[in-house]
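A.B. asks: Let me begin by handing over the structure; questions about it come next.
Since every read-out is calculated from the coordinates, none of them should be taken as a lab result. Every value quoted in this text rests on a predicted model; they were computed, and no experiment measured them. Here Cβ is always computed from backbone atoms with ideal geometry, including for glycine, and neighbour counts include all displayed protein chains.
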């Protein structure tokens, strides 16, 4: 059995820190989405090679750092919209990151507990344990679904079509399955490791085949094409009266570009305008003979397959 066990000290912490940081940078705006396909493997290796309590601690460390980097934008939010002085603005971000990191620690501890019986079965169960942790985090105490691994692949349309069957959790499961296969190459016998790689290859290959097939299939009459406006305007500027015209111009440009492809629905952000519907009606004339938007709110459920940001 080729077992890779890192010393429980600074080298282990350094490896996990680099991996957690790389995974966090897989999300916008850095979009290092490839990092997430390998970044979880060091934690899985640690989990199967350490006792459950140690695995919980290392998983908590890994998860806390992952979320601390991922939620770094909260520092700007607190500095801009609160009276908390810097660097104390990082305190609530650290607290939230530590809370979210507990779910990663719990998954690592569960994998470690299963590994005492069978490392292969522990790694095989890790995708389901991870997805279970994401689901609980997304629902418990009102839910905080930020940072689900599947969201990192939003630019990889063939990968994310599997969400049609399992939501974002299906995409996360495929990602963790690949990481588990990589971890297996380091801690399992050659035969077991090859079996894990083959199984992960089938899962990933099936996902890509399904995605390519769905992307190439014609839209049925029961489907709609939805265009979502994502202007990436800094929040303080959106509420500046002197920036209002530029804000509307950005939305106008994006809407006209999206309209050229004749979508069934164009969705603006909830806070596209800082004022009420009367202000929206005043700006609507910029786009010619279009019906003014209604102030009525409609519940929208995302549909279609090829959405973008």
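A.B. asks: The stretch 42-88 to the stretch 135-176: how many Å between their Cα centroids?
C.D. replies: 19
A.B. asks: Mind giving me the nanometre distance, one decimal, between the label points for residue 146 and residue 88, set 7 Å out from Cα along Cα→Cβ?
C.D. replies: Distance between the two pseudo-spin positions: 2.1 nm.
A.B. asks: Let me check I have the definition right: for the stretch 10-216, take the eigenvalues of the Cα gyration tensor, multiply each by 5, take square roots. What are those semi-axes in whole Å, largest first? Numbers along the way, then the final one.
C.D. replies: Numbers: eigenvalues 159, 97, 39 Å².
Semi-axes from the Cα gyration tensor: 28, 22, 14 Å.
A.B. asks: Take 72, 29 and order them by how many other Cβ atoms sit within 10 Å, fewest up front. Display every interim value, and only then the final one.
C.D. replies: Numbers: 72 13, 29 7.
Result, fewest neighbours first: 29, 72.
A.B. asks: So, how do all the Cα-to-Cα distances of the stretch 201-275 break down into 10 Å bins, in percent, from 0 on up?
C.D. replies: All Cα pairs, binned at 10 Å, distribute as 16, 32, 24, 19, 9, 1 percent.
A.B. asks: Set the Förster radius R0 to 30 Å, insert the Cβ-Cβ distance between residue 76 and residue 261 as r into 1/(1 + (r/R0)^6), and round the FRET efficiency to 0.05. Working shown, then result.
C.D. replies: Numbers: r = 34 Å, r/R0 = 1.12.
So the FRET efficiency works out to roughly 0.35.
A.B. asks: Next question. Sort 169, 81 so that the residue with the fewest other Cβ atoms within 10 Å of its own Cβ comes first and the one with the most comes last. Spell out each step's value before the answer.
C.D. replies: Working: 169 20, 81 10.
Listed from fewest to most nearby Cβ atoms, that is 81, 169.
A.B. asks: Highest mean first, how do 136-143, 188-195 rank when packing is the count of other Cβ atoms within 10 Å averaged over residues?
C.D. replies: Final packing ranking: 188-195, 136-143.
A.B. asks: Could you list 83, 264, 75 so that the one with the fewest beta carbons within 10 Å of its beta carbon is first and the one with the most is last?
C.D. replies: Working: 83 6, 264 12, 75 16.
Sorted ascending by nearby Cβ count, the order is 83, 264, 75.
A.B. asks: Kindly state, as a whole number, the per residue volume in cubic angstrom of the convex hull around the alpha carbon atoms of the stretch 103-189.
C.D. replies: On the way: hull volume 8.7 nm³, N = 87.
About 101 Å³ per residue, rounded to a whole number.
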